[in-house]
Structure formats: C-alpha cells, structure tokens
Amino acid sequence: MSHLSEKGIQVSELLIDNISMRFDLPDGGHVQALKNVTLDIKSGELMSVLGPSGCGKTTLLNIVAGFLAPTEGQIKLNNEVVTGPSPQRGMVFQQGALFEWMNVRDNVSFGPDMKGVSRAESKEKVEHLLEVVGLQDFKEKAIYELSGGMQQRVALARCLANDPDVILMDEPLGALDALTREKMQSLVLDLWKDTGKTIILITHSVEEALLLGERLLVMAPRPGRVHKEYRLPFADLGVGNDLREVKKHKDYAGTREEILEMIWNMEEEIMGRTEESA
Amino acid sequence: MTGLLVLALYVAAFFGSFVIAKQIFKSAFEKKGFNKLKTVTFGDESAITANRVASVVSVVTVFWLWVAFTNSTIPLPKFPGPFSGDMTFTYTAQLEDGTQDDATVTMRVYREDIQQTVDEEGNPGREPSPAEVELGDGFAKNDSLTVARYGFKVVNVWKNDEVSKKDGSTIVAINGQPIKPGEKISVDEGTLGLTDKGTPTFAPATGFRMARLYLPAPEVVFQRFIWLNKEGYQGFTLIEHTRYSLQRVLLGFLLGALVGVPIGYAMGLTGWARGWFDPIVEFMRPIPPLALIPLIIIWFGIGEVGKVVLLFLAALWIMIIAARSGVSGVAISKVHAAYSLGASKWQILSKVIVPNSLPDIFTGARVAMGVCWGTVVAAELVAANVGLGKMIVTASKFQLTDIIIVGIIVIGVIGFAIEVGMRALENWLIPWKGKV
C-alpha cells in the first residue's frame, strides 16, 4: 500500500504476502522451494538475505523481480500486484549481466533509452551516476576492458539510472576479491543512504549480510522459509565510515558467531538427511 | 620411388632447416614479451607462437620440391632429369646358319611436351625428324628413330634389313652383350631390351622429374596463369571464371543467411517454430550438398539458378543452427536485466539477443562460406558453363594439367582470403568476442 511517511513524502512499500513455491519434478515428486514466506519491507529499508544453498533465497528474489510466479501468495509493490518484470524493480546480478556490445555509458543509459528518453535528456543523469560510482573517466571504455569491480559499479549505475523503487541484488559482489569487495560494500551503503532506495541483497557472506543488512533475514531450507530475522545497527554505522571500524562494534563478533552456527547446523542437518535417504 | 624420395626430403628439410635456421635467425627463436620470463613452455599452449621463419622455409621448401622434381628452367638445384637428345646402340642379328651382323640404331629423344611449347616466332613446337644415318654394310642395316621423353619404343630393326625376322633373323646381342627375349640392359640413356618375341625396345631414362602431363613446372603454370587472364579458357578469362564462382557463393550464402538467421532466432524464441523446423533441420543437416546436385540439376537445370539454390541450401542449415545456438548462448541474467530495465520483447530481441548472438552467427558464417566455396567448385565440376570448377574439369579432359593447377591455386587463395576477410570483419564488428 502506498502511504505517506512522517515527512509527508509518498513512499513505496513492498509486501511479500504468504509466498509458496513448489517445483514439480519429472519423476512425479516435487521440491518445496519456499513455504509461506511473508515479509513487509518498508521504503528505504536495506534487507540482506542469508541462508545455506537450497533455502530458496534466489527463488524469492526472482519472484519479487517478477521472473517467476509463485504457486501461492502474491507480491505487492505500492499496492499493485506484481505480475512480471518492470523497471520499478531494478536488478543487479553477480556478473556477466552487462551488455558487452555497448560501452560503459550506453550500458548505464540502457534503461532511459528503452523508455524512449532522448540522450540529451538522460545525459545529465548518466554523467552524474558515472561520477557517483567513480567511472566518469571510463564512460567510453568497453565492458571487457574493465576489472570485475568496475563492472559491478557499471551494473549499479545502470540500475540506478532507471530510478527504480526497489533494487534487488543477487550476490552482486560474490565474484570480487576481498579488497574490492570491501570498497564496493561501502559504495552500496553510500548509495543506499544517498538515494533512499529499498534494497534487497542476497549474499553468501555472513560478514556482508551483517555489514549491509539493516534487516537481516536468515532463511532455512526444505522447505525454504524465514528462520530468523535481525535488526542490526551496523549498516547505519557503516555509512561514510570505515567498515573495519564497524567490525569492532561490541555486538558484531557475537552476532556473526550466532548466525554462522545457525547456518552450520542447517548444513549439518541437510547432510544428515541426505545420508539417511542414501 | 620418387614419392618416397620426396617424403624423405621433406622430412629432412623440416628437421634440417630447423637446425640451420636456429643458427642463422637466432632472434626468431627467442621467446617474446612475457613468454621470455616463462621457464616452462612445453605444454603451455599459450606460450607457443608460430615461428615465421618456419612458415617462410615451409613455403620455399614446397616450391623448391616443385622445381626439383619437374623439368623447370628455374635455376635451383634439381634432380636428374629425363634423357634428351641422340643416343645409339648396336644390335647383333644372327641368321639360321649362324652368320652374324652388327648394325647401329640411332634414337632421337625429344621433349614429350614439344607441341605445347612455342618458339620465338610463336609457332608451336613440332616433333623432330629422325637423325640422318647411313645404312651401312652387311645384311643388318643401321636404323634411326625418334621417341618422346618418358616414352617407350619398340624398334623394328628388320624394317630395312636384308633378312627379315620372318626369314630367320634373330637378335642375339645388344651393345655386344648377349641377350634373350624378355631381358633388359641398362645404359646411361635408358633401358634397352628385347620383347618376349625378340624385338629390341628402348625406354629413355626418366630420371626423378615428373613429366609435364603429371606436374608442370612452376613457370609453366605461371605462364598459363598469364595466358588464362589474357586469352581465357572455354570462352572466359580466369577472372571471369573466378567472378562467376564467387558471385554464386556470395549470392547463395547471403540468401542462406537472410533466411536462416531469422529461422534460427525463431527456433530459439518460440516453441512452435522450434517444433516446426526441428525435423526439417535435423533431416537436411547431415545431407551433404553434393548429394543434392542431381536433383537440383533436374529441377533447375545447369544454369545460375540451380547453383544459387544449391549454395543457399548449403548455407541455410548452418546459419539456422548458428543463429539458434546464438540465442541459447544468451546468459539469462542479461535477458532478465534488460527486462527489469524496462525493455520490451522487441527491444530484448534487437538490443540483447541479436548483438549477443553475433559471435555465434559469425562462426557459422565462416563455416558456411567455407562449405559454399567448396560446394560451388564441386557443383561446377558436375555441370556448368563457366566457373573455376568448370575450367578445371574441362582442362582435365584435355590433360591440361597446368590449367588444373592454376585453378586449384586460385581456389585455395580465394578460400584463404575469404577466411582472413571474415576474421578481420569479426574482429572489427565483435571486438568483445572471447573476452567476456
């Protein structure tokens, strides 16, 4: 539902309403990828989603993006039911989702171009975004000439150029080396604060989930469901600050251990069950 | 025998030139750039670059072998050639009563390709007449004959003798050496012998060089190349033959690509199209285009239409499959990204699927051009009025080996040029290929 915030600006709300997802297998069986997942995500929230493989987090993201239709339940954005992909919900993928046949600037202005916005009109915005992600000197470069980190900066700028209500990130930093990853995490936090976008971020890294998740969702597998939810202070602390300082926060190490153990136990359980059935 | 000698020389040239070149062109054997720092290169394919000295020596070696084993006038070391000129041998005839008499046979050995040569005034060469000899005394008289190089002559020595074979004159010795029917004597100029019926024979020595009929010398082929450009063959100059062949290939290929690429896209994008075309493509793909030639001739005749239809069919299936695999090669994340950036289906096709499939389509186009070029020559071999294949097959009927070789070289060079051109076009149009 669309409502007015305290400041009186219209904000968007993402409602994940009792989603279930069942895949039928050719042998007659089925996989329950998601079961009764309900989430209410407020405008401007940054939610990270964590869980062992097979917990349905990517399926959930694909449903929110509109690439998959849930077998039960529905997604509502601004009180409208999601039926397919739309520029309201921007995506940032792990890697390889940029268009190699276009240079950096053309990639970033892809969204406006698709809407029929003239280059003259979108120029200012594109230039600004390239500056924000630190690629103003690379706009004529080909994608394959950029490093992995720079490519992800392009992906972020490309997504923002469309001014989406919600940004969905599917392990956007997963393929980057540790140092680049840390820089990119800071960039994501800064962009979040500057633009006030709602962000859902899927990750495999507990540290990343902790640092970037204002809300942190731990999902459990078989069937995929929400296991536990945290509200964390680290994302706010990290905005504009050194993330290594944030990691020294008194609650950081404890929360990390708690989540790691939780996921560890889930993995053990899966292994045990697989061995039993085998 | 000669074949084994060529092979042995070729292998020797491969290793020998390596040893020699390594001493002379030291810089060509040095590792370049970053490879200089690699201590391990054996097994590291990326560290291997083609040694251009080897490429040059390789081409020169083939050329030299060509010169060395033909009757070329090019001043390069050559292998012993066939005997040419006059030679004599004596035969001893014996009568039934035991009387013997010697006589001399003069053999004039002339170029086997004399009729294909021209003198300064442009007149074609003619077979020489036999040497003038005196008959001599005794009942056996001296003979004089001609024989072509690489040829064989049965010498009827009794033709001018006083006593014929029928009347009991037999040959018992050649060059003073006793000989029986069926035996042979080697001399420097060739092989002498008696047939099973006792008639002397002479086969001039062939040496190691190939006769013009089997392999013309390089300069003969080059002259033929000039002549083909000037005079033409079968009513068309070489350039026209080439142009017709190329035109057929380009037209057939373009039509094939024009029809095949959209069908391939449709097969990658809709289930109906995939279901519709799958059986046709899978059935037609393994049929070699050459197998269709008889049907094409029956349907379209031997004119241009038939050729173009054949090449269209040769290119079509390749281009369909290339375009289809181009579509399936699009990373789903790119399609998803484009959709969530607001692209319509049409924009997905034109902005994502088409550019993303270009590398596959280019690979297909390269294969299709190669297949078309091979097919057009084969199709012209079967039936055509003009074209490189037609030129070759007609020349083969008149044993004009030099024209055949010119044709083969032109076909090879053009095929190579097509490949190089396509690669250059590829690097220019899709610079991201292989870098993602």
Worksheet entry | Criterion: over 15 Å from the mean Cα position of the chain (by Cα) and part of a loop (DSSP other than H, G, I, E, B) - qualifying residue of B:VAL386, B:VAL371 | B:VAL386
Practice prompt. Hey, could you check the stretch A:167-183 for residues that are at pLDDT 90 or above and surrounded by 23 or more Cβ atoms within 10 Å (Cβ to Cβ) and say which is nearest to the other protein chains (Cβ to nearest Cβ)?
Written response: A:LEU168
Worksheet item: In the stretch A:85-123, which residues are more than 7 Å from chain B (Cβ to nearest Cβ), in contact with a Ser or Thr (Cβ under 6 Å, 6 or more places away or on another chain) and not in a loop (DSSP other than H, G, I, E, B)?
Response: A:PRO112, A:SER122
Discussion item. Among the residues that make up the stretch A:143-150, is at least one of them loosely packed, with under 15 Cβ neighbours inside 10 Å and more than 14 Å from every other protein chain (Cβ to nearest Cβ)?
Written reply: no
Discussion item. Quick check on this structure: which one of B:ILE320, B:ILE296 is at pLDDT below 95, among the aliphatic types (A, V, I, L, M), part of a helix (DSSP H, G or I) and buried (at least 19 other Cβ atoms within 10 Å of the Cβ)?
Written reply: B:ILE296
Worksheet item: Within the stretch B:79-94, can one find any residue that is under 30 Å from B:ILE20 (Cβ atoms) and of a type in the set (D, E, K, R)?
Response: no
Discussion item. Looking at the stretch B:16-31, I want the residues that are assigned by TED's automatic domain parsing to the domain that holds B:ALA50 and have a partner that is not in a helix (DSSP H, G or I) with Cβ atoms under 6 Å, at least 6 apart or on another chain. Which pairs are those?
Written reply: B:ALA28/B:ASN51
Item to complete: Take the stretch B:103-152 and flag every residue that is touching a residue at least 60 places away in the same chain (Cβ under 8 Å) and outside any loop (DSSP other than H, G, I, E, B).
Response: B:VAL105, B:MET107, B:VAL109, B:GLN116
Item to complete: Please enumerate the residues belonging to the stretch A:214-252 that are surrounded by fewer than 18 Cβ atoms within 10 Å (Cβ to Cβ), within 18 Å of A:THR198 (Cβ to Cβ) and among the acidic types (Asp, Glu).
Response: A:GLU229, A:ASP236
Worksheet entry | Verdict on B:VAL163 being farther than 30 Å from B:GLN399 by Cα and outside any strand (DSSP E or B) | yes
Practice prompt. Report whether or not B:GLY326 is outside any helix (DSSP H, G or I) and either in the same structural domain as B:ALA384 (by TED's automatic domain parsing) or surrounded by fewer than 16 Cβ atoms within 10 Å (Cβ to Cβ) (or both).
Written response: no
Worksheet item: What do you reckon, is B:THR41 part of a loop (DSSP other than H, G, I, E, B) and either in contact with a Leu (Cβ under 8 Å, 6 or more places away or on another chain) or in the same structural domain as B:ILE24 (by TED's automatic domain parsing) (or both)?
Response: yes
Response to the item:
Being facing chain A (nearest Cβ under 7 Å) and either modelled with pLDDT of 95 or more or under 46 Å from the mean Cα position of the chain (by Cα) (or both) narrows B:ALA331, B:ALA315, B:ALA343 down to just B:ALA331
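The values are calculated or read from the model by the stated rules, or taken from the named source; none is laboratory data. Everything numeric in this text was worked out from a predicted model, so none of it was measured. All Cβ positions, glycine included, derive from the backbone under ideal geometry; neighbour counts span all protein chains shown.
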